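Input: a single structure, listed below in structure tokens.
The values are calculated or read from the model by the stated rules, or taken from the named source; none is laboratory data. In this text, all values refer to a predicted model and were calculated from it rather than measured experimentally. Note: ideal-geometry Cβ built from the backbone for every residue, glycine included; neighbour counts use all protein chains shown. Accessible surface areas use protein heavy atoms only, side chains included; no ligands, DNA or RNA. Shrake-Rupley method; radii C 1.70, N 1.55, O 1.52, S 1.80 Å.
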Amino acid sequence: SEREREREEGRRREMAASTELLKGLEKALESQGEKLVKMFKGVALFKIDGKTFLLDLKNGKGKIHFDRTDDPKPDVTLTMSDDVFVKLASGKLQPQMAFIQGKLKISGNIALSMKLTPVLKAAQPKASL
């Protein structure tokens, strides 16, 4: 039906938002990967609306694996919606708050998840003046 198609379209557009941010983070790793690895020192698995992204900030200059979940082994797994991911990445929502509100599920090293904010900030498209 027309409405279902619109909903699907909206979902795809939203999904694109987190994928875009992760691609931005991938770009950030090229220039500041070593810094981010020092900052985070871990591997985070993101489960965003059923899609998985593995962020390795433990080795070398860091790397994002799209659709890989087990290698390297994640230290922390974060499950959320695309919308919540976008808000976390933009700093509109703190991980602690999202967790308390039940918008973010964390398993594994919870302390590590609190270090994500500065890392995700790096993924923000820099406003070029």
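Odds and ends about this structure:
- Of all the residues in region 99-119, those that are buried (at least 20 other Cβ atoms within 10 Å of the Cβ) and over 29 Å from GLU30 (Cα atoms) number 0.
- All of PHE46, PHE53 fail the test of being within 17 Å of GLU20 (Cβ to Cβ), open to solvent by less than 60 Å² (accessible area, probe 1.4 Å), among the aromatic types (Phe, Trp, Tyr) and touching a helix residue (DSSP H, G or I) at 6+ places or on another chain (Cβ under 6 Å), apart from PHE53.
- Just one of the listed residues (THR77, THR52) is out of contact with any Asp or Glu (no Cβ under 8 Å at 6 or more places or on another chain), touching a residue at least 12 places away in the same chain (Cβ under 8 Å) and among the hydroxyl-bearing types (Ser, Thr, Tyr), and it is THR77.
- For region 56-70, a tally of residues being touching a residue at least 24 places away in the same chain (Cβ under 8 Å) and surrounded by fewer than 16 Cβ atoms within 10 Å (Cβ to Cβ) returns 4.
- Filter result (among the aromatic types (Phe, Trp, Tyr) and farther than 18 Å from THR117 by Cβ) within region 58-86: PHE66
- Here the condition is being open to solvent by 10 Å² or more (accessible area, probe 1.4 Å), within 20 Å of SER90 (Cα to Cα) and modelled with pLDDT of 90 or more; of THR77, THR19, it holds for THR77 alone.
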